[in-house]
Amino acid sequence: MFDRAAFFQRYGVGLALVLLVIFNLAVTPNFATSQTLAVNLTQVCTIVIVGVGMTLVIATGGIDLSVGSLMAIAGALSPMFFTGQLFPVPNLYVGIALGIAFPILIAGMFGLFNGWLVTRFSIQPIIATLVLFIAGRGIAQVSTNGDLQVFKVPEFQSIAIGRVLGVPFQVWIMLVIVIVSAFVLHKTVFGRQVLAVGGNEAAARLSGVPVGRVKFLVYFVSGLCSGVAGLIVIAMNSAADANLIGLGMELDAIAAVVVGGTLLSGGRATIVGTLLGALVIQLVRYTLLANGVPDPAALVVKAGLIVLAVWLQRQEQA
């Protein structure tokens, strides 16, 4: 017997993406151009990168509300390294290397802090990550005194605006993260442990799965992904504004994860689905704007997509 709910849960996001592309090819002017493709891809890169970390967290039955604030921390700290504000650097390339590596690692360490709260004190993830959702942006603002940091460093900015084979470099970064994460989730022991923890934590623990370590690692990865996304944002803007970097990103990432087919209750996840979910949401917004529909309407449609995705999940679980 054909299970319609299960079919749409598994293939609905891919089908929606195909239908959106066909509709735009037929209706939207200048859709089939490299410029339009590049614009839509760069709009989703940071959402997908953050969404990868969010997917792993949600797969364990958790949630991470701090991703936007961790983006702000990484974005605020990075220029301090390559401009020599923190300490003198021997040359620009050393400064850039430090300005990439250290902010990403610091964001990862804050992710470990989230994992520590969740595992050590058994705090619900939504509450544990709310701590850095609030305090993290404050840390970023204090570190810069709330000032806008403007810079012109092409060597650093190339991570966002540079191109390889005509494709924006940030798209290559996104694809590498998606491919590696999808392999880890579906082809390694750690990936199976992540899904086991989300499916039934008590059974996973009795089976010998190191539940605490798994949770630590997924929050660490979520922090790393947030750090990478924060650097891409400031490279695109040629400026770091701790007040705005990553603002609302937690909601966009969760939306991409849910629309992509990952269960909010944990136990089943798809990295590629998160990529497709982000593309669908972005393309819906682009389609509406390109055809004269105001942006607030796009937000309503996005909310509708999330409700539909959650409803399909409940239908499949029923």
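Please treat every number below as a calculation from the coordinates, not as lab data. None of these values were measured; they are calculated from a predicted model. With ideal geometry, Cβ positions are generated from the backbone for all residues, glycine too; neighbour counts draw on all protein chains shown.
Hydrophobic, long helices, defined as DSSP H runs whose alpha-carbon span along the helix axis is 30 Å or greater and whose mean Kyte-Doolittle value is at least -1.0, occur in the chain at 4-27, 34-59, 92-120, 211-237, 295-317. Quick one: among Phe110, Phe151, Phe87, which has the greatest mean-square fluctuation in a GNM of the chain with alpha-carbon springs under 10 angstrom? Looking only at Phe110, Phe151, Phe87, the largest GNM fluctuation is found for Phe87.
Each residue, Thr28 and Ser238, gets one label point 7 Å from its Cα in the Cβ direction; the gap between the two is 2.7 nm. Net charge near Ala253, counting Lys/Arg +1 and Asp/Glu -1 over other residues with Cβ under 15 Å of its Cβ? My count for the surroundings of Ala253 gives -2. Of the residues Leu98, Leu132, Leu275, the one that moves most in a GNM of the chain with alpha-carbon contacts below 10 Å is Leu98.
Of all the options Leu251, Leu92, Leu305, the one that moves most in a Gaussian network model of the chain with Cα springs shorter than 10 angstrom is Leu92. Counting only DSSP H runs of at least 4 residues, each contributing -39500 (n - 2.57), and dividing by the residue count of the chain, the helix-based mean residue ellipticity at 222 nm comes to -25500 deg cm²/dmol. State whether the chain is rounded, prolate or oblate according to the following rule on the C-alpha gyration tensor (a ≥ b ≥ c being the square roots of its eigenvalues): a/c under 1.5 gives rounded; otherwise a/b larger than b/c gives prolate, and the remaining case gives oblate. Since a/c reaches 1.5 but b/c is at least a/b, the shape of the chain is classed as oblate. Simple point charges give the picture: +1 on the Cβ of Lys and Arg, -1 on the Cβ of Asp and Glu, and for the chain a dipole about the Cα centre of about 620 debye.
Given their separation in residues at 0.36 nm each and the Cα-Cα distance between them, Val293 and Leu251 gain 12.9 nm when the chain is fully extended.
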